[in-house]
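Peer 1: One structure coming up, written as C-alpha cells, with questions to follow.
The values are calculated or read from the model by the stated rules, or taken from the named source; none is laboratory data. Quick caveat, the model's predicted, so the values are computed rather than measured. Because the Cβ atoms are built from the backbone with ideal geometry, glycine has one as well, and the counts that use them run over all protein chains shown. Heads up: the accessible areas ignore ligands, DNA and RNA and are worked out on the full protein's heavy atoms, side chains in. Shrake-Rupley method; radii C 1.70, N 1.55, O 1.52, S 1.80 Å.
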Amino acid sequence: MIITVNNKEHQISENQLETKLSLWLRDDLGLTGVKIGCDIGVCGTCTVLVDLAPLRSCKVLLKNAIGKSILTIEGLTPADGSLHPLQQAFIDAGAIQCGFCTPGMVLTAFALLAINPQPTRQQVRTAIKGNLCRCTGYQQIIDAVMLGAQRMSKQ
Amino acid sequence: MEDLLNTPTAFRNDAYAKVTGIAKYADDITIPGMLHAVPIYSDYVYAELIAVDATEALKQPGVIAVYTARDVPGKVLFGQIIQDYQVLADKYIKTHGDVIALLVAETRVQAIAAIPFVRIEARELPAVLDPEVAMLPETPLLHPAHGSNICNEHCVRRGDITLGEQASDVVIEQTFKTQRIEHSYLEPESGIAYLRPDGVMEVMGSMQHPFSTRRFTANTLGLALNDVEVKTIPMGGGFGGKDDTAALVCARAALCAYLLKRPVKMTYTREWSMRESYKRHPYTLQYRMGLSQDGIIRFAKSRFVADGGAYCSVTPWVTWRSTVQCCGAYSVENVHNDTYGVYTNNIFSGAMRGFGSPQVNFAIEQLIEMAGEKLGLDELEIRRRNMVRQGSTTVTGQVLDTHVVSLQQAMDRVLAEIDYTNKRSQCSFGDPAQDEWYGIGMALSYRGMSLGAEGVDFNSAIISVQPDGSVLIETGIHENGQGSESAMILIAAEHLGIPKERIRYRMPSTSNIPDGGTTVASRGTILGGGAVVNAAKILKNILTTEIKTAKNIDVSSFRDSGLYDTNNELVMSWNDAIKLCYSRQQYPYAFGVFQAPKVSWDEHTGQGNAYFTWVYACQAVELKVNPKTRQVTVLNIVAAHEVGKAINPDMVKGQIYGGLATAVGYALLEDCKSENGKIVPTNFHNYRIARATDLPEMTAILIENHDPQSPSGAKGVGEPTLELLAPAIANAVYRATGKRFYTLPIRIEL
Ligand code: FES
Ligand code: FES
C-alpha cells in the first residue's frame, strides 16, 4: 500500500489505515504546511491536492488515499528554493497576512488554474469559497490568483 | 499584455516562509520528549466545585498527570485590570468555559481519549445571565471581592441636558442591541513551554502579547518576570482575541512543563477555542436624542450596558472607548452618557478589533439618519451639519486641532467613488412591485488612536548596526499577522536612508526589549514606528558626532546608503561610516523610545483630551435584498480611511479589506449565541464567517495627512476598518426594504 506525497512514495501499514491524512502528513512526514483550523472539513486550511484535486485532508483517511498522489505546499515549492509563479503572485499582490490560510489557498488556486488557466474574478471567488480567511477579505487573494494566472500564461 | 501589477509593492519579511509552508506556527513545533496537555471542562455554568477525581483518568494509557488549581505554585487568579480570571477553576466554576483541570499525556490522542475519565463533583448554583438582572442590588455577587456585579462604569457629563431638551424641536428614542461574536482567527490557541538549562521557563505560542503572556505565566508559576522568556513565532491571526485566553493556554502549558520538568505543548481544538475564548461584548444601547429644526443635535442622552461575562479582562477599557465615542463623529453640546460593564456567568468578553466602537456606531449612524428623516433633511445633509471638523470640540471637550480632521474628505471621496447621490434615487424602500430590492447606505466614524487615557502608552525600539553595515532592529510591537515587522523595517529604511533589504527584524523575545505594552488599539505602527524613528535619530546622531570629531565635517542627511553634507556632497558611504564608528570604539547602536503625547481624563465628568490623535473614515455599501428569501447580497463596498501616512500601502489596504469582510459578518452572518450560559456555536460549520462568495469587490481609499504627533507620520488602521460597515449595511437595508433594524446581526423580517 503506497501513497505518493510530493513525488515520494510512502509505504502504509495496516494499522495506519484509519489515520487522518492531515495528521499523518503533519506528524509523520513533518509537512506542517498542512494547517488544522477546524478539523471537521469546513475551513480549508488543511487543503492538499489529491491527484490534483483540492481535498480537505482532515476529512480523508489514509485508507482512502492509497495509490493516490498527494501534493502539499512543500511539494509545490520548486526544489531550488525559488517560488512557483503563483506563490510569487501571492507575495506581490499582498495576499498574505497571518498566513495560516495561505498554503490551502495557494493549492486550491493552483488546482483551479490547472483546469481553468484564465479564470474570471468571480470564478476565483467561487473556487476559493471553501477556504476561509479572516485576515484579507479575500480581495488581494483574488488579485494574486489573477496575477499568477497572467504570469503563468506568459511563460 | 502588461503585468497586472506594474511594480509589485507589497512587502513582508515573512512572506516567503508563509507562502512555502515553512513558517512554523506553535502547533508545528515539536520538542523531543514533549508531552501534550488538554483542558478539562465541566458541564456547569455556575457551581461550587467540590472535588475533582482523576483516579480513573490516571489509569488510562499514556496519561502522566492531572493538575487542578491546587497544583498551581503561584497565584490562581490573574487579569490585566482586575485579577479575577482563574487559570484553573478554584472554588467556583464561574462560566461554562472554565477549565477545571489539565490532563497531560504522552500523546495528544491519548490525552484526548482520557478526558471523559476525569470526574468532577460540583454543586450547581443559579447562574446570572442577564446583565440588567446582574446589576440589581439583590442579585448575589459573582465576585464578592469586587463588591458589585458592575465591573466598571464610565460617564460623560457635558453641558446641560435640560437646556438641550428645551432647544430641541424633535426628539427620538431608540434602543439598539448588538450580539456577541467570535474572533475566528484561523489558528486555534496553542502554547509550548519548556524549562531551559539556565532555569528559565521558555514559552512560545500563538498569542498576541508576549509580555502579557509572560505576566500570566510568571504569575501562575510564582516566578519573577525574568524567569520566563516568551518568544514570538508566526501566529495565525488574533484580532484582539489572543490575549487573556491565549496567554493562559501558554501559562497552562508552562505550568505542566514546570511541574513535570518536560516540554509540554497545549494546542486547542476549534471547539475548545470557541467555548473558552472571550468574545466581542454584546451591548444594549439606549439613546434619546434631540435636534432643532435646523438639524443641529442639541442633546444626546445614552445608556450602554455591556455584558462582560464572568471575568473582567479589558471590559473597563473597551467600555471606556464607547463612552468617549458615545455620539459618534458628531459634535454635541449637551451630552449625558452612562456606560456599564457588567459581570454575568456568560462567556467573558474582551478585546476585539473595533474595541467598543462598532456597537456605538451601529446605533448612532442609524440614529442620525432617523433624525434627519424626521426633520426632512437627507442623510448626507444631517451629517454635514453635525460632523466634527477642523477645530471642533468632541463630546469629552477635546479640541481637534493638532492634526488634519479629514472626515469631510473621507466622506466626499467615498460618495464620489460609489456615485452615491445618483444611486440613492434607485433605492427600493420595499416597493412591492419589485422582485429584488436595492439599497445603498453609508456611515461615518472617527476614532481615538492608540490607548488614550486607557493606559500607559509608550514603546521602544533597538537599532543595532553590524560591522558590515547590515542592520538589526526590534521593537516592543508584536507581529500578529498584520505586517508590523515589515512596517518597522520600512520606517527604519526610510529614516536611515538604506535599502530595506539591509535590515532584518530580530526574533522578538520578552528578554530582549522592554515591555512595550500590548499590540492593540491599532497602536503598532504609530507607537512602534515612533520608537524606530527616535532610535534612528539617536543612531544618526552617533554617526554624525563621530564624523565631526574624526573629520570635522557636518553630516546633514542620510540617503541612498550615504551620508551627505549641507551642500549635498557625499561625505562617506553608510558602510564606511559604520566602519569608522567601530574603529573609533563606538557602537552604532541605539535605543529609542516613543512616549505618546499626554492625554487626560476626569472619571467623574467624563471630560478630557481622551486620545492624542484621531482618525476618520467613511464607508458605503450597495446591496440587494430578495423579498421572498430575505437574503441580503452585498454588491459593492467602498471605504476611505485616514491613515496619516501609508507605510506599506498594500498592507494598509489589506487591513481595510479584512476589516470590511469581518464587518459584513458582524452585520449579517455572525452570532455567537449563548443558551443558558453555554455558547452554542462549536466550530465553523455552525458559526458562519464570510466566505469569498459572501463578499463583493471592495475599494479601499487611503487618505494621508501626516500626523505631526506621530514621528513616522503614520496613524493606525487595524480597528477603524471594522467599526462602521454594520451601520452602513443597516442604512442600505433600510433603503432597500423600507425597514430599520436595530439588532445585530440584521435578520430581515418583514
Ligand atoms: S482543518 Fe480541515 S477543513 Fe479545516
Ligand atoms: S491570511 Fe490570515 S487567515 Fe488568511
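Peer 1: Pull out the extension gain between B:Asp435 and B:Ile172, defined as 0.36 nm times the separation in residues minus the alpha carbon to alpha carbon distance; nm, one decimal. Kindly include the intermediate steps, with their values, before the conclusion.
Peer 2: On the way: separation 263, 0.36 × 263 = 94.68 nm, distance 3.25 nm.
Full extension of this stretch gives 91.4 nm more.
Peer 1: OK, next. Rounded to the nearest 100 Å², what is the sum over both chains of accessible area buried where B meets A, with a probe of 1.4 Å? Could you put the intermediate results ahead of the total?
Peer 2: Working: alone 27710 and 7860 Å², together 31140 Å².
That pair hides around 4400 Å² of surface in total.
Peer 1: Moving on. Just to be sure I understand the rule: take each whole DSSP H helix in chain A, project its Cα atoms onto its long axis, keep it if the span is 15 Å or more and its mean Kyte-Doolittle hydropathy is at least 1.0. Which ones pass?
Peer 2: Numbers: long enough: A:102-115 (20 Å, 1.91); A:139-154 (23 Å, 0.05).
Span-like helices in chain A: A:102-115.
Peer 1: Next question. Just which residues of the stretch B:634-668 lose 50 Å² or more accessible area with every protein chain there, against their chain alone, with the probe set to 1.4 Å?
Peer 2: The answer is B:Tyr657.
Peer 1: Can you report the principal axis dimensions of chain A using only the alpha carbons, biggest first, rounded to whole angstrom?
Peer 2: Sorted largest first, the three principal extents are 44, 31, 25 Å.
Peer 1: Computed over the Cα atoms of the protein assembly as shown, what is the convex hull's projected area averaged over all directions, in nm²?
Peer 2: Values: hull surface 158.1 nm².
Over every viewing direction, the Cα hull of the protein assembly as shown projects on average to 39.5 nm².
Peer 1: Compute the semi-axes of the equivalent ellipsoid of the stretch B:199-260, taking the square root of 5 times each eigenvalue of the Cα gyration tensor, and list them largest first in whole Å. If you can, show how the numbers build up before the last one.
Peer 2: Details: eigenvalues 71, 22, 21 Å².
Each semi-axis is the square root of five times an eigenvalue, giving 19, 10, 10 Å.
Peer 1: Relative contact order of the stretch B:400-525: what whole-number percent is it, with Cα pairs under 8 angstrom and at least 6 residues apart?
Peer 2: The normalised contact order for the stretch B:400-525 reaches 23 percent.
Peer 1: Go through the stretch B:170-208 and flag every residue whose accessible area shrinks by 40 Å² or more with all protein chains in place compared to the isolated chain (probe 1.4 Å).
Peer 2: Residues shielded by partner chains are B:Leu186.
Peer 1: Continuing with this model, one more query. Give the distance, in whole Å, between the Cα centre of the stretch A:10-74 and the Cα centre of the stretch B:576-608.
Peer 2: First find each Cα centre; the distance between them is then 49 Å.
Peer 1: Something else: Most fluctuating residue of A:Asn116, A:Asn64, A:Asn15 in a GNM of chain A with Cα springs under 10 Å: which is it?
Peer 2: The residue that fluctuates most here is A:Asn15.
Peer 1: For the stretch B:76-208, what does the alpha-carbon gyration tensor say about shape, rounded, prolate or oblate, given a ≥ b ≥ c as the root eigenvalues, a/c under 1.5 as rounded, and a/b over b/c as prolate?
Peer 2: On the way: a/c = 2.52, a/b = 2.02, b/c = 1.25.
Verdict is prolate for the stretch B:76-208.
Peer 1: Once you've got the Cα coordinates, tell me which of B:Lys673/B:Lys715; B:Lys374/B:Lys423; A:Lys20/A:Lys68; A:Lys35/B:Lys645; B:Lys94/B:Lys231; B:Lys423/B:Lys673 are over 24 Å apart.
Peer 2: Values: B:Lys673/B:Lys715 35 Å; B:Lys374/B:Lys423 22 Å; A:Lys20/A:Lys68 15 Å; A:Lys35/B:Lys645 35 Å; B:Lys94/B:Lys231 31 Å; B:Lys423/B:Lys673 36 Å.
Violating the 24 Å Cα-Cα cut-off are B:Lys673/B:Lys715; A:Lys35/B:Lys645; B:Lys94/B:Lys231; B:Lys423/B:Lys673.
Peer 1: If you don't mind, there's one more thing I want to ask. Any idea what log10 I(q)/I(0) is at q = 0.27 Å⁻¹ for the stretch B:76-124, Debye with uniform C-alpha scatterers and no solvent?
Peer 2: With no solvent term, the Cα-only Debye profile gives -1.04.
Peer 1: Mind checking the full-extension length gain between B:Leu163 and B:Leu380? Use 0.36 nm per residue of separation minus the Cα-Cα distance, one decimal, nm. Show your work: numbers first, answer last.
Peer 2: Numbers: separation 217, 0.36 × 217 = 78.12 nm, distance 2.65 nm.
So the chain would gain 75.5 nm between B:Leu163 and B:Leu380.
Peer 1: Roll a 1.4 angstrom probe over the protein heavy atoms and tell me the percent of accessible area of the protein assembly as shown that is carbon or sulfur.
Peer 2: Values: 15800 of 31140 Å².
The nonpolar share, carbon plus sulfur, comes to 51 percent.
Peer 1: Let me have the relative contact order for the stretch B:346-464, percent, based on Cα pairs under 8 Å that are six or more residues apart.
Peer 2: On the way: 64 pairs, mean separation 16.2, N = 119.
Answer for the stretch B:346-464 is 14 percent.
Peer 1: Before I look further, what does the stretch B:458-595 give for accessible area per residue, probe 1.4 Å, in whole square angstrom? Write down the numbers at each step before the final one.
Peer 2: Working: 5550 Å² over 138 residues.
Counting only protein heavy atoms, the per-residue value for the stretch B:458-595 is 40 Å².
Peer 1: Let me ask something else about it. Can you tell me the accessible area per residue over the stretch B:190-243, all protein chains present, probe 1.4 angstrom, in square angstrom?
Peer 2: Working: 1290 Å² over 54 residues.
I get 24 Å² per residue for this part.
Peer 1: In the stretch B:256-303, what trypsin sites (Lys or Arg not before Pro) fall in a loop by DSSP, with at most 14 other Cβ atoms inside 10 Å? Before the final figure, lay out each step's value.
Peer 2: Details: sites: B:Lys261, B:Lys265, B:Arg270, B:Arg275, B:Lys279, B:Arg280, B:Arg288, B:Arg298, B:Lys301, B:Arg303; in loops: B:Lys261.
Here the trypsin sites (Lys or Arg not before Pro) that fit, given the DSSP loop and packing criteria, are B:Lys261.
Peer 1: So what is the 222 nm mean residue ellipticity for the protein assembly as shown from helices alone, if each DSSP H run of at least 4 adds -39500 (n - 2.57) and you divide by all residues, rounding to the nearest 500 deg cm²/dmol? Please list the in-between numbers first.
Peer 2: Details: 23 runs with 242 residues, N = 905.
Calculated at 222 nm, the ellipticity per residue is -8000 deg cm²/dmol.
Peer 1: If you don't mind, another one. May I ask you to derive the FRET efficiency for B:Arg70 and B:Arg506 from their Cβ-Cβ distance with R0 = 41 Å, giving the value to the nearest 0.05?
Peer 2: Working: r = 40 Å, r/R0 = 0.98.
With R0 = 41 Å, the Cβ-Cβ based efficiency is 0.55.
Peer 1: Using alpha carbons only, how many angstrom separate the centre of the stretch B:473-500 from the centre of the stretch B:259-322?
Peer 2: Centre-to-centre (Cα) distance: 31 Å.
Peer 1: Give the accessible surface of the stretch B:276-419 per residue, rounded to a whole number of Å², with probe radius 1.4 Å and ligands, DNA and RNA excluded.
Peer 2: Numbers: 3250 Å² over 144 residues.
Value returned for the stretch B:276-419: 23 Å² of accessible area per residue.
Peer 1: May I ask you to derive the FRET efficiency for B:Ala145 and B:Leu58 from their Cβ-Cβ distance with R0 = 35 Å, giving the value to the nearest 0.05?
Peer 2: For R0 = 35 Å, the calculated efficiency reads 0.55.
Peer 1: Also, quick follow-up: Return the equivalent ellipsoid semi-axes of chain B as a descending list in whole Å, where each equals the square root of 5 times an eigenvalue of the C-alpha gyration tensor.
Peer 2: Details: eigenvalues 319, 290, 114 Å².
Rounded to whole Å, the semi-axes are 40, 38, 24.
Peer 1: Could I ask something else about it? So, counting K/R as plus one and D/E as minus one, what does the shell of residues with Cβ under 14 Å around B:Ala218 add up to? Please list the in-between numbers first.
Peer 2: On the way: positive: B:Lys75, B:Arg214, B:Arg215, B:Arg252; negative: B:Glu202, B:Asp227, B:Glu229, B:Asp515.
Value of the local net charge: 0.
Peer 1: Between B:Thr421 and B:Ile112, how high is the FRET efficiency from 1/(1 + (r/R0)^6) when r is the Cβ-Cβ distance and R₀ = 60 Å? Nearest 0.05. Walk me through the numbers on the way to the answer.
Peer 2: Values: r = 59 Å, r/R0 = 0.98.
The calculated FRET efficiency here is 0.55.
Peer 1: Determine the sum of side-chain charges near B:Met235: Lys and Arg each +1, Asp and Glu each -1, restricted to other residues whose C-beta is under 13 angstrom from that of B:Met235. Mind dumping the intermediate values first?
Peer 2: On the way: positive: A:Lys35, A:Arg134, B:Lys18, B:Lys24, B:Lys231, B:Lys242; negative: B:Asp14, B:Asp27, B:Asp28, B:Glu187, B:Glu189, B:Asp243, B:Glu479, B:Glu485.
Spelling it out: positives minus negatives among the neighbours equals -2.
Peer 1: Just to check, using Stokes-Einstein with a Kirkwood Rh over alpha carbon pairs, what's the diffusion coefficient of the stretch A:85-153 at 37 °C and 0.692 mPa s in µm²/s? Before the final figure, lay out the partial values.
Peer 2: On the way: Rh = 11.4 Å.
Rounded to a whole number, D works out at 288 µm²/s.
Peer 1: What full-extension length gain, to one decimal in nm, is calculated for B:Asp401 and B:Glu569 as 0.36 nm per residue of separation minus the Cα-Cα distance?
Peer 2: Numbers: separation 168, 0.36 × 168 = 60.48 nm, distance 3.92 nm.
Contour length minus Cα-Cα distance gives 56.6 nm.
Peer 1: Arranged from highest to lowest average of other beta-carbon atoms within 10 Å per residue, in what order do the peptides A:77-89, B:242-254 appear?
Peer 2: Numbers: A:77-89: 16.8, B:242-254: 29.4.
So the peptides A:77-89, B:242-254, ranked by packing, come out B:242-254, A:77-89.
Peer 1: Buried by at least 10 Å² relative to the chain on its own: which residues of the stretch B:12-33 qualify, computing accessible area with a 1.4 Å probe on protein heavy atoms?
Peer 2: Residues losing area: B:Arg12, B:Ala15, B:Tyr16, B:Lys18, B:Val19, B:Thr20, B:Gly21, B:Lys24, B:Tyr25, B:Asp27, B:Asp28.
Peer 1: What is the distance, in nm, between label points placed 7 Å from the Cα along the Cα-to-Cβ direction at B:Asp198 and at B:Phe591?
Peer 2: 1.7
Peer 1: Net charge near B:Ala26: determine it from the other residues with C-beta under 14 Å of the C-beta of B:Ala26, scoring Lys and Arg +1 and Asp and Glu -1.
Peer 2: Details: positive: A:Arg26, A:Lys35, B:Lys24, B:Arg108, B:Lys231, B:Lys242, B:Arg252, B:Lys265; negative: B:Asp27, B:Asp28, B:Glu187, B:Glu189, B:Glu202, B:Glu479.
Residues close to B:Ala26 contribute a combined charge of +2.
Peer 1: Ignore the peptide's own chain and count Cβ atoms of other chains within 10 Å of each Cβ in A:139-146; give me the average, rounded.
Peer 2: Numbers: counts 15, 7, 3, 3, 6, 4, 0, 2.
Averaged over the peptide's residues, the number is 5.
Peer 1: Something else now. Can you give me the convex hull volume of the Cα atoms of the stretch A:2-76, divided per residue and expressed in Å³? Before the final figure, lay out each step's value.
Peer 2: Working: hull volume 5.7 nm³, N = 75.
Considering the Cα atoms of the stretch A:2-76, their hull volume per residue is 75 Å³.
Peer 1: Can you check what the Kirkwood hydrodynamic radius comes to for the stretch B:458-595, Cα pairs only, in Å to one decimal? If you can, show how the numbers build up before the last one.
Peer 2: Numbers: mean 1/r = 0.0664 Å⁻¹.
One over the average 1/r among Cα pairs gives 15.1 Å for the stretch B:458-595.
Peer 1: Additional query: For the stretch B:67-216, what relative contact order do you get, as a whole percent, if you take Cα pairs closer than 8 Å and at least 6 residues apart?
Peer 2: 12
Peer 1: Report the longest stretch of chain B that contains none of the GluC sites (Glu not before Pro) sitting in a DSSP loop with at most 16 other Cβ atoms within 10 Å.
Peer 2: Details: sites that count: B:Glu2, B:Glu106, B:Glu138, B:Glu436, B:Glu569, B:Glu603, B:Glu697, B:Glu749.
The answer is B:139-435.
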